[in-house]
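The values are calculated or read from the model by the stated rules, or taken from the named source; none is laboratory data. Values in this document were obtained by computation on a predicted structure and should not be read as measured data. Methodologically, a virtual Cβ is constructed for each residue, glycine included, from the backbone with ideal geometry; neighbour enumeration extends over all protein chains shown.
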Amino acid sequence: MSDATEANGTAGAAEAAESGRPDVGAGGRHVRVVLVDDHRMFRTGVQAEIGQTAETGVEVVGEAADVDQAVTVITATRPEVVLLDVHLPGGGGVEVLRRCAALMTDAEQPVRFLALSVSDAAEDVIGVIRGGARGYVTKTITGTDLIDSIFRVQEGDAVFSPRLAGFVLDAFASTDAPPVDEDLDRLTQREREVLRLIARGYAYKEIAKQLYISVKTVESHVSAVLRKLQLSNRHELTRWATARRLV
């Protein structure tokens, strides 16, 4: 989505907010949501799944593809819930949370964040929760469960995909900072995503489909990971990831 399209969407959302609420959902519920994800096709899919306001009660008032766009759109529309991808151009979801800290603590109209990511890595989950997000769900979630999670976060609940809650409990139960892995730190966020999926046995085409990138881009990321970690093939990569409990 172009910057001009994003800006038009923001202006339209602001005008709609001034003119009054749209129809609420079948259960009488209503929530205003901003979608933040760097993949336009994914945003389109989520919008189609949850954005039928008359049925779901979810009104998508804005979209953004990177950190700067996200801060601009969120500030302009003041949604009740932001669906936030963890890995974004410009600093990632944690940077969006940092720059929107004042909105999260607004006593009268708080903006709450629900992370929605392909990653289920402990460091990603813990990072955004420490940053102020109210929950974290993975992109395998169904549309019905996502809608339910959005309304729960709107009401102030904390929401997690089942296995992710343990990461948060363990992290906040311990006062020890997680150890620094210099090898892992050499990888970009996207390379880490590809690494985990390769280690889980996904084929390049499956990874491309899940991450909304081309097969050639997947191949480039795998080559970069192998070079940075000084590994020879995907079998060594899988053993490396397994030893660090990244799978």
Matching residues in segment 15-49 (in a helix (DSSP H, G or I), at pLDDT 60 or above, surrounded by fewer than 17 Cβ atoms within 10 Å (Cβ to Cβ) and aliphatic (A, V, I, L, M)) number 2
Could you list, in sequence order, all residues of segment 124-140 that are surrounded by 15 or more Cβ atoms within 10 Å (Cβ to Cβ) and either out of contact with any helix residue (DSSP H, G or I) (no Cβ under 6 Å at 6 or more places or on another chain) or within 22 Å of R245 (Cα to Cα) (or both)? D124, V125, I126, G127, V128, I129, A133, Y136, V137, T138, K139
The conditions are (1) buried (at least 24 other Cβ atoms within 10 Å of the Cβ); (2) at pLDDT 95 or above; (3) in a helix (DSSP H, G or I); (4) of a type outside the set (A, V, I, L, M, F, W, C), and T72 fails exactly one of them. Which is it? (1)
Helices (runs of 4 or more DSSP H) contained entirely in segment 138-204, each with at least 2 residues that are more than 20 Å from N233 (Cα to Cα) and at pLDDT 85 or above: 143-154
